[in-house]
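Asks: Got a structure for you, questions after.
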Amino acid sequence: MSIQIKSTTVLGVIKDGKVALGGDGQATLDKTVIKSTVQKVRKLYGGQVLAGFAGSTADAFTLFEKFEEKLNQYNGSIQRAAVELAKEWRGDRYLRKLEALLIVMNKEKGLLVSGQGDVIETDDNILSIGSGSSYALASARSLKKHANHMSANEIVQEALTMAADICIYTNHNITILELE
């Protein structure tokens with residue numbers, strides 16, 4: 001994927017029938033921290049779907065709205081809504097310019113959606129986007145494999161904390177939403 005979003009980390013985990021999606025709160029403009037309490041994750045579709053973004057905040061809000069429209073159109077099917085959003089995002093002149101990545105999750109699956117037309121479902125039900133995503137992803141995979149006692153929420157919390165310790169574009173103001 002050619003998009004490299006800086007300035008955030010969002011991580012989602014599905015484990016033992018529970019879903020957790022979290023993000024840090026840092027917003028940067030070039031090399032300056034502008035805000036430290038941005039909400040990058042939200043519930044959609046009556047609380048049945050979680051969504052998180054990395055990238056431009058205004059672009060992400062546009063994409064959240066478009067994704068929720070698709071969820072309503074396709075009766076809550078995140079796979080169908082994500083594919084249709086990706087097709088529209090890639091093909092529409094206005095939407096094509098939006099700079100963001102999305103993670104969307106329900107109780108069954110999580111998907112990464114990009115403006116390149118990508119809709120990716122991972123094998124291990126762990127998704128991460130943003131500048132600290134590789135740190136959070138590695139941490140979450142290790143925790144899920146070796147710390148069987150940890151819940152999805154606890155894995156997300158710990159992995160985002162580890163990413164914030166390493167990535168200068170990620171802070172410790174972490175928001176986590178859950179589906180059970």
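Read-outs: derived from the displayed coordinates by stated rules, not from any lab. Note that the coordinates shown come from a computational prediction; the quantities given were computed from them, not determined experimentally. No Cβ is skipped: glycine too gets one built from the backbone with ideal geometry, and neighbour counts run over all protein chains shown.
Asks: Out of region 37-89, which residues are charged (D, E, K, R) and part of a helix (DSSP H, G or I)?
Replies: Of everything in region 37-89, those that are charged (D, E, K, R) and part of a helix (DSSP H, G or I) turn out to be Asp59, Glu65, Lys66, Glu68, Glu69, Lys70, Arg80, Glu84, Lys87, Glu88.
Asks: Here are some conditions: (1) of a type outside the set (Phe, Trp, Tyr); (2) more than 23 Å from Ile166 (Cβ to Cβ); (3) in contact with a Leu (Cβ under 8 Å, 6 or more places away or on another chain). Gln73 meets all but one. Which one does it not meet?
Replies: Failed condition: (3).
Asks: Turning to a different aspect of this structure: Got a sec? Which of Asp165, Asp123 is in a loop (DSSP other than H, G, I, E, B) and farther than 16 Å from Ala54 by Cβ?
Replies: Asp123
Asks: Search region 40-69 for residues that are at positive phi and pair each with any residue that is outside any strand (DSSP E or B) and surrounded by 20 or more Cβ atoms within 10 Å (Cβ to Cβ) when their beta-carbon atoms are under 6 Å apart and the residues are at least 6 apart or on different chains.
Replies: Matching pairs, first to second residue: Tyr45/Leu71; Gly55/Ile5.
Asks: Which of (1) among the polar types (S, T, N, Q); (2) touching a Gly at 6+ places or on another chain (Cβ under 6 Å); (3) surrounded by 16 or more Cβ atoms within 10 Å (Cβ to Cβ); (4) more than 18 Å from Leu111 (Cα to Cα) is the odd one out, the single condition Thr28 does not satisfy?
Replies: (2)
Residues are listed down the side, and each one gets a yes or a no for (1) aliphatic (A, V, I, L, M); (2) over 15 Å from the mean Cα position of the chain (by Cα):
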{"site": "Val83", "(1), (2)": "yes, yes"}
{"site": "Leu95", "(1), (2)": "yes, yes"}
{"site": "Ala100", "(1), (2)": "yes, no"}
{"site": "Val104", "(1), (2)": "yes, no"}
{"site": "Glu108", "(1), (2)": "no, yes"}
{"site": "Ser114", "(1), (2)": "no, no"}
{"site": "Gly117", "(1), (2)": "no, yes"}
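Asks: Can you work out which of the residues in region 75-120 that are touching a strand residue (DSSP E or B) at 6+ places or on another chain (Cβ under 7 Å) and free of Cβ contacts under 8 Å to residues at least 24 places away in the same chain is nearest to Arg42 (Cα to Cα)?
Replies: Per the criteria, the residue is Leu112.
Asks: In the list Asn173, Asn148, which residue meets the criterion of being surrounded by 14 or more Cβ atoms within 10 Å (Cβ to Cβ) and either of a type outside the set (Ser, Thr, Tyr) or in a helix (DSSP H, G or I) (or both)?
Replies: Asn173
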